[in-house]
Each structure stands twice: as C-alpha cells, then as structure tokens.
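The values are calculated or read from the model by the stated rules, or taken from the named source; none is laboratory data. The structure presented is a predicted model; accordingly, all values stated were derived computationally and were not measured. We place every Cβ from the backbone using ideal geometry, glycine too, and count neighbours over all the protein chains shown. Quick note on the areas: whole protein, heavy atoms, side chains included, nothing else; ligands and nucleic acids left out. Shrake-Rupley method; radii C 1.70, N 1.55, O 1.52, S 1.80 Å.
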Amino acid sequence: MNIPFIKMSGIKKSFHHHIVLDGVDLEVCAGEVHALMGENGAGKSTLMKILTGMYERDAGTISINGQEAHYRHPKEAERDGIVFIHQELSMIPTLTVAENIFLGREQTIGRTGIIRRKRMEEEAAIYLRKLGIEISPSEMAGKLSVGKQQIIEIARALSKDAKCLIMDEPTAALTDREIQTLFEVIETLKRQGVAIIYISHRMEEIFKICDRISVLRDGRFIGTKQVAETTFDEIVHMMVGRQIGERFPKRQAHIGEEVLRVEQMTQKGVFENVSFSVRSGEVLGVAGLMGAGRTEIMEALFGVRKMDEGTIYIENRPVKITSPRQAIKHGMAFITEDRKMKGLVLHMNVRENLTLPKSKELASAGVIRQNKESELVQALINRLNIKTASPALPVKALSGGNQQKVVFGKWLAMNPRILILDEPTRGVDVGAKKEIYEIMNELTAQGVAIIMVSSELPEILGMSDRIMVVHEGKVTAILDNNGVDQETIMRAATGGEA
Ligand SMILES: Nc1ncnc2c1ncn2[C@@H]1O[C@H](COP(=O)(O)OP(=O)(O)OP(=O)(O)O)[C@@H](O)[C@H]1O
Ligand SMILES: [Mg+2]
C-alpha cells in the first residue's frame with residue numbers, strides 16, 4: 001500500500017492518573033476499510049476522539065498525508081476531511097434531508113439570507129446518488145429509519161469532502177437490510193479512495209468488509225493484520241491475550257416447571273394474541289427483525305406498557321402487572337436494550353447504579369449499611385469483570401460495554417426468578433459476551449427462567465432451549481432448538497412459514 005493517509009504514533013492519554021492509551025500506533029491508508037478492535041474499555045473511542053481533536057493527547061504525533069497535524073476541535077479535523085460519525089446520530093428530525101446535509105452551511109442568495117432550497121436539494125441529490133441510495137432530499141429526516149439517517153450522516157460527511165470516515169459501532173441499531181445497504185455504501189466509498197475506520201464487536205462483519213484489523217488491548221497497541229491472512233481465533237487472542245474457547249458455553253441446567261405463561265396478550269396496533277411460556281432453568285430466545293414488536297411485548301410483560309387484552313400467569317396463577325414495581329415484586333427483572341435511556345442513571349456512579357433496585361433491602365432502619373453495600377458492589381464488579389478505576393466513577397465515563405455490565409449487575413443484585421434480557425450483548429466485546437453467557441448459565445442452573453430478545457442469530461441459536469419468532473407483532477413460530485437453522489428462523493421472521 002501507498003503512504004498512509006493517517007499515521008498516529010506513540011499516542012498517550014490518561015484520565016485522572018488512569019492510563020487509557022499507552023503509546024498507541026495506527027496507520028490507515030486511503031481506500032481501505034480498517035477495523036479497530038479491542039475489548040470494552042480498550043481505548044478505541046478515545047483514540048478516535050484524539051484523532052479528531054475532541055480530546056487533547058498527552059503525548060504522541062499524528063500526521064495526515066505526511067503532514068503533522070494537531071487538531072484542537074473536530075471542526076479542524078473536518079477541514080482536513082476527517083469526519084467522525086458517532087453512534088448517537090445528530091439529525092434534526094424537523095428539517096429535511098437536504099437541510100440536514102448542509103446544516104450550518106446553508107446556501108443563501110447573496111447576503112439576503114434567503115435559502116436556496118432548490119440548489120441545496122439538487123446538490124444533496126448528487127451526494128445521495130453517489131452513495132447509490134434512493135432518498136428524497138425534501139423528505140423530513142425524522143420520518144426516516146435509523147439506517148437511512150445514518151446514510152444521511154454519511155452524505156453529510158461526503159458533502160464536507162471527507163477523505164476519512166470514522167464509524168463507531170455503526171450497525172448496532174440497524175436491520176439486516178440496512179446493514180447490507182451500509183456495506184454497499186462502504187464499498188462505494190472505498191472505490192472512491194476514502195479511508196474508513198470501522199469500530200465494531202461483530203467479528204462476522206469485520207471479516208466481511210474490512211481489509212485490515214488493528215487491535216488494542218488495555219490501551220496498548222497489539223498489532224495490525226491483513227484480514228485475508230488472519231482468523232477469528234487469532235484476533236480474539238490478540239484482543240483478550242488468551243484463548244477463550246467455545247463462544248457459547250454449554251449449559252447444564254435442569255429444565256423444570258413452567259414459571260411464566262402469557263396468554264393472548266394484545267396491544268392494539270403494536271402486537272396481537274401473543275402467547276408463550278417459559279420454564280424454570282430454560283432460556284427462551286426471541287428472534288425477529290428490528291421493529292417486529294419484541295421489545296414492546298417485553299415492556300408489556302414488565303408493566304412498562306399497557307396491554308389491552310391478555311393474561312399473565314406466574315406459577316399458574318393469574319397476576320396483574322401494571323407497573324415495573326409489581327413486576328419486580330413477582331420476581332421479574334428486565335435488562336433493557338437501551339442502556340442510555342432506561343437502564344442506567346448516567347450521572348450517578350457505578351456503586352449507586354449497581355445498588356439502585358436493592359437500596360430498600362440494604363437500608364435497614366433508614367440507614368444504608370455502607371459495609372454491606374461495598375461488599376455487594378465489589379462482588380458484582382469482580383463477578384462481571386467491570387473495568388472501572390473505582391466504584392465512585394460516574395457510569396458515563398465507562399466504555400459502552402462496561403456500562404452494559406453495570407446494567408446486568410444492577411438486576412443480578414435482586415436475585416430474580418424471571419429474567420428478561422433485551423439485546424444483552426449489544427456493543428459488548430467477545431470476552432464479556434462469554435462472561436454474560438456464563439452468568440446466564442449459572443442463573444439457569446439455579447432455576448431462573450430467562451427470556452432473551454436478540455437480533456444476533458448465532459446468539460439465539462447458541463444460547464436458547466426454545467426459540468420464539470415474532471413478525472409484525474405476531475408470534476409466527478415457537479421452535480425447539482435442536483437442529484434449527486438460521487434460514488428457518490429468518491423465514492419465520494419475515495412472515496414466511498417456519
Ligand atoms: N471522559 C473520561 N473520563 C474518565 N475516563 C474515561 C473518559 N473517557 C473514557 N474513559 C476511560 O477510558 C477507557 C477507554 O474507554 P473507551 O471508551 O475509549 O473504550 P472503547 O475501546 O471504545 O470501549 P467500548 O468497546 O466499550 O466502546 C475506559 O476505561 C473508560 O472508562
Ligand atoms: Mg467505544
């Protein structure tokens with residue numbers, strides 16, 4: 001390959017004496033898709049924030065196209081064509097696609113302030129065509145799916161003449177079809193000579209679309225490999241520094257009596273006549289496409305959302321669940337997919353989050369028992385291997401995957417009988433995924449019934465005893481997981497016969 005477009009050398013960064021990057025090197029060439037991998041908290045996002053001037057580095061050099069660079073603000077990086085597409089999209093829903101693409105750079109007629117709407121829409125159309133995508137520039141951005149909004153973000157980057165695009169876990173919230181489109185867009189950009197830095201925990205994706213992989217571990221640079229010359233196992237080994245063995249650990253749970261049964265649950269326009277059950281020690285996987293209504297069904301079960309009809313039975317007795325408080329009283333716990341919105345209190349620290357649902361029990365005679373609490377918190381941090389400098393750190397300073405572990409720990413502290421997991425390993429690295437699977441196995445061995453919603457079919461197949469498939473708010477199949485293949489599930493998930 002030619003001279004690297006981006007060359008970072010010896011990058012160092014600490015936050016309050018905690019070393020996060022310790023002499024990291026990275027070289028990315030024009031026209032390549034370069035994966036940046038590493039466990040949660042390895043320093044990937046921080047490295048990219050340093051590259052684009054969001055964070056100041058403590059040491060090291062950066063050169064762009066052979067020229068030394070030191071950005072103090074993302075705007076300066078953008079001037080050199082380096083654009084960071086964050087996971088939280090920044091569309092303004094009430095503006096059109098074209099207005100979003102040219103936001104802050106609106107074209108006006110002379111100095112009149114009158115916006116040249118037609119001209120902007122024409123130009124926007126050019127960028128969208130470049131990406132090979134059919135979206136009308138005059139459509140409201142808020143009406144578009146997350147996948148399309150992401151494509152608009154890319155169009156916006158192109159309109160700024162991007163030479164390097166950084167994507168941080170871009171597919172986490174996309175449907176399969178949207179992922180396909182995104183990959184086609186990435187191919188197109190690559191042919192146009194754009195460098196792409198791609199951060200993801202999904203191995204299959206990386207091996208499909210990337211040319212090279214660089215691995216970080218604990219803030220250190222481990223190495224760069226050509227995808228064509230490496231394997232899953234080698235990359236995992238580089239990331240975690242050891243062999244992790246089977247991806248889905250075997251479970252030895254005894255499947256017992258039915259714990260929960262749902263009959264004919266309906267919320268008009270959202271889901272209809274949903275019936276299923278789960279037994280003690282069992283994992284019921286819930287598959288379906290994004291938007292099929294899986295999360296809504298779980299929310300109704302947990303009392304977050306009202307149901308119009310239907311009955312919930314716990315141990316064969318009908319129960320009324322109209323609030324999460326009641327669900328918790330019946331021994332239910334719910335780990336939500338959206339940790340930012342519902343799972344965590346971001347400004348509170350790790351300790352406070354971990355003990356949130358348990359506070360009542362810990363408080364005897366109105367005083368929180370400090371000792372007991374610290375013991376519990378430390379046990380959870382160890383058990384889940386949560387990487388945090390201290391339990392007193394606000395959770396928003398934790399890496400994405402470690403935030404997910406805090407959500408997990410928070411509910412484990414309650415010893416639930418029925419555990420609902422919604423996308424439990426989204427954004428979680430390979431090692432931590434396996435830790436979560438092992439915890440699930442431990443819980444089922446203790447007789448806990450688990451309902452696991454997941455969009456990753458390998459995970460559904462690897463972890464479930466039975467699989468329920470949801471399509472447009474209806475259950476289209478409930479399958480025993482012996483010899484079921486991905487195609488059968490996909491067929492049911494798209495409305496076909498299972
Ligand atoms: N603003 C901050 N203040 C304190 N610590 C921080 C801050 N930002 C990041 N860190 C710490 O730096 C480390 C690296 O975090 P970073 O977000 O770069 O990890 P990551 O590799 O992107 O992980 P993930 O895969 O989970 O997104 C973590 O231990 C994190 O807690
Ligand atoms: Mg990150």
*If you line up the long axis of helix 400-412 against the longest principal axis of the chain, both from Cα atoms, how many degrees apart are they, to the nearest 10?*
10
*asked:* Can you sort Met290, Met348, Met203 by solvent-accessible area, 1.4 Å probe, largest first?
replied: Met290, Met348, Met203
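Please report, in debye to the nearest 20, how large the charge dipole of region 1-125 is about its Cα centre when each Lys and Arg carries +1 at its beta carbon and each Asp and Glu carries -1 there.
So the magnitude is around 460 debye.
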*Which value, in debye to the nearest 20, gives the size of the charge dipole of the chain about its Cα centre, when Lys and Arg are +1 and Asp and Glu are -1 at the Cβ?*
1420
*Output the antiparallel fraction of DSSP beta bridges having both residues in region 258-493, as a percent to the nearest 5.*
55
*Distance from the Cα centre of region 373-395 to that of region 143-189, in angstrom?*
36
*Taking the Cβ of Ala77 as the centre, find all other residues whose Cβ is under 11 Å away and add up their charges (Lys, Arg: +1; Asp, Glu: -1).*
+3
_Just to confirm my numbers, what's the Cα centroid distance between region 46-90 and region 221-252 in Å?_
29
*How big is the gap, in Å, between the Cα center of region 447-498 and the Cα center of region 28-44?*
32
*Taking a threshold of 21 Å on the Cα-Cα distance, which of the pairs Lys433/Lys474; Lys44/Lys396; Lys7/Lys225; Lys7/Lys163 fall above it?*
Lys433/Lys474
_Would region 374-458 count as rounded, prolate or oblate if I go by the C-alpha gyration tensor, calling it rounded below 1.5 in a/c and otherwise prolate when a/b exceeds b/c, oblate otherwise?_
oblate
*Hull surface divided by four, with the convex hull built on the Cα atoms of region 258-493: how many nm²?*
12.7
*asked:* As a test of the formula, what do you get for the chain when each DSSP H run with n ≥ 4 contributes -39,500 (n - 2.57) and the sum is divided by the residue count, at 222 nm and rounded to the nearest 500 deg cm²/dmol?
replied: -9500 deg cm²/dmol
*According to a simple spin-label model (label point 7 Å from Cα along Cα-to-Cβ), what is the distance in nm between Glu438 and Asp308?*
4.7
*Would you work out if region 169-223 is rounded, prolate or oblate? Take a ≥ b ≥ c from the square roots of the eigenvalues of the alpha-carbon gyration tensor; rounded if a/c is under 1.5, else prolate when a/b is larger than b/c, oblate otherwise.*
oblate
*Take the chain, compute every pairwise Cα distance, and split them into 10 Å bins from 0; I just need the percent in each bin.*
4, 17, 26, 26, 18, 8, 1, 0
*Please state the charge dipole magnitude for region 4-240, taken about the Cα centre, from unit charges on C-beta atoms (+1 on K and R, -1 on D and E), reported in debye and rounded to the nearest 20.*
800
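With Rg and the Kirkwood Rh both taken from Cα atoms, where does Rg over Rh land for region 4-240?
Value, to two decimals: 0.99.
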*If you add up the charges near Gly483, with Lys and Arg at +1 and Asp and Glu at -1, over every other residue whose beta carbon is less than 14 angstrom from its beta carbon, what do you get?*
-3
_Tensor-based shape of region 404-498 (alpha-carbon gyration tensor, a/c under 1.5 rounded, otherwise prolate or oblate)_ = prolate
